[in-house]
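Report on the following structure.
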Amino acid sequence: MASAAPVDNESTLVAQLRAGDEQAFEQVVRLYGGRLLAVARRIVGTEEDARDAVQDAFLNAFKSLDRFEGNAKLSTWLHRIVVNAALMKLRTRKRKPEQSIETLLPGFLEDGHHEERFKSWDEPIDQLMERAENRELVRKQIDALPEGYRTVLVLRDIEGLDTEETANVLGLSVNATKIRLHRARQALRTLLAPHFRSAAS
Amino acid sequence: MKCRELADFLMDYVSGELPQESRAHFEFHLSKCKNCHAYLVQYEVTIKAGKIACDEMSDEMGAIPDELVKAVLAARQKT
């Protein structure tokens, strides 16, 4: 795997890009391409659209290098551009029928109580997420969410779009977007539970 | 308020959008019901876990396929 350690001298790299240095372009694509592809995949859900979005993003970025401000991080700037490219893909795509998520939502008894007794997750979040295997697990389970739900969760909780922006991009009502986000979070909780619950309880 | 309703109101509660009166009912139920309390904690952990796992600065996302690197560089030269 290509190293994506922070570039010590980002301004040198940016200067090389602005000067049209061919090697600098390749360096940037290799350095940041992997994580940008992961971001795009998570939003658009298909490999083909994700790769298109990454290519569009790099081309856009290279064309607008003069708009990159030195006080921002190159990775943050590229991240924003790839999110926009992925959103463009979503906007132009035909909507797929909504997949079922029912089996991942909590069940209730007739009297309104939860069917399940939730075993507590005792380990603090910071400690849990310090381990690379847990971060990997969470990413995998997000990817496993049904399409329309994963997209809402990623745009709202990870990319930080607000409800209205998310609703606009996906062609949903604000209310439907809220319901989907809530269900997506509940479903992700269900998927994480077997891994995060305390062994002792 | 029943556990079922509490689950419905969870998102508004977490984002601070639950109106005062419902909020009081919500918190009263929560103080009595360990199961709903555990569920609320896990709901919040889930949101944070997603954010941390997908941090844009993370370099754990794998490398970019070689053919995509070539495609990007070739497309750039054409523009």
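Against the longest principal axis of chain B, how steep is helix B:20-32, in degrees 0 to 90 to the nearest 10, with axes from Cα atoms?
80 degrees
Taking H placed 1.01 Å from N in the peptide plane, check which residues at least 5 places from A:D122 or on another chain put their amide H under 5 Å from its amide H.
Residues meeting the amide H criterion: A:S198.
Scan around A:F108 for amide H atoms under 5 Å from its own, H built in the peptide plane at 1.01 Å from N, and keep only partners 5 or more places away or cross-chain.
Result for A:F108 returns A:E115.
Given a Förster distance of 45 Å, report the FRET efficiency between B:S15 and A:E22 from their Cβ-Cβ distance, rounded to the nearest 0.05.
0.40
Once you average over the residues of B:3-16, how many Cβ atoms of partner chains fall within 10 Å of each Cβ?
Partner Cβ neighbours, averaged per residue: 3.
At R0 = 51 Å, how high is the FRET efficiency between B:H37 and A:N60 if r is their beta carbon distance? Nearest 0.05 is fine. Working shown, then result.
Values: r = 47 Å, r/R0 = 0.92.
According to the calculation, E is roughly 0.60.
Rounded if a/c is under 1.5, else prolate if a/b beats b/c, else oblate: with a ≥ b ≥ c from the C-alpha gyration tensor eigenvalues square-rooted, which is the stretch A:102-196?
Oblate, because a/c is 1.5 or more while a/b does not exceed b/c.
Testing the spin-label approximation: label points 7 Å from Cα along Cα→Cβ at B:K51 and A:E123. State their distance in nm.
Those two pseudo-labels are separated by 2.1 nm.
Residue separation times 0.36 nm, minus the C-alpha to C-alpha distance between B:Q77 and B:E27: what's the value?
Computed gain between B:Q77 and B:E27 is 11.9 nm.
Considering the protein assembly as shown, which cysteines have no disulfide-compatible partner, defined as another cysteine with its Cβ under 4.7 Å away?
Flagged as lacking a Cys partner: B:C3, B:C54.
What whole-number distance in Å separates the alpha-carbon centres of the stretch A:156-174 and the stretch A:78-135?
With the stretch A:156-174 and the stretch A:78-135 each reduced to a Cα centre, they are spaced 15 Å.
Send over the per residue convex hull volume for the protein assembly as shown, Cα only, as a whole number of Å³.
Measuring per residue, one finds 148 Å³ for the Cα hull of the protein assembly as shown.
Compute the Kirkwood hydrodynamic radius of the stretch B:3-78, taking the inverse of the mean of 1/r over all pairs of distinct Cα atoms, and give it in Å to one decimal.
16.0 Å
How high is the FRET efficiency from A:D111 to A:K140, r the C-beta distance, R0 35 Å, rounded to 0.05?
Values: r = 36 Å, r/R0 = 1.02.
The computed FRET efficiency comes out at 0.45.
Order these peptides, A:69-82, A:179-192, by their mean beta-carbon neighbour count within 10 angstrom, highest first.
For the peptides A:69-82, A:179-192, the packing ranking is A:179-192, A:69-82.
Counting only other chains, and only Cβ atoms inside 10 Å, what mean value do you get across the residues of A:49-62? Let's see the in-between values first.
Values: counts 0, 1, 6, 2, 0, 4, 6, 2, 1, 8, 5, 0, 0, 5.
Rounded to a whole number, the mean comes out at 3.
Helix A:22-44 against the longest principal axis of chain A: what's the angle in degrees, Cα atoms only, rounded to the nearest 10?
For A:22-44 against chain A, the angle is about 20 degrees.
What do you get for the angle between helix B:66-78 and the principal long axis of chain B? Use alpha-carbon atoms, 0 to 90 degrees, nearest ten.
Roughly 70 degrees, rounded to the nearest 10.
Please work out whether the stretch A:77-158 counts as rounded, prolate or oblate from its C-alpha gyration tensor, where a ≥ b ≥ c are the square roots of the eigenvalues and a/c under 1.5 means rounded, while otherwise a/b larger than b/c means prolate and anything else oblate? Could the numbers behind the result be given before it?
Working: a/c = 3.12, a/b = 1.31, b/c = 2.37.
Oblate, because a/c is 1.5 or more while a/b does not exceed b/c.
With viscosity set to 1.567 mPa s and temperature to 4 °C, compute the Stokes-Einstein D of the stretch A:40-116, Rh being the Kirkwood radius across alpha carbon pairs; µm²/s, no decimals.
Values: Rh = 15.4 Å.
It diffuses with D of about 84 µm²/s by this estimate.
No value in this document is a laboratory result; all are computed from the given coordinates. Since the model is a prediction, treat every value here as computed from it, not as a measurement. In this analysis, Cβ positions are derived from the backbone assuming ideal geometry, glycine residues included, and neighbour counts consider all displayed protein chains.
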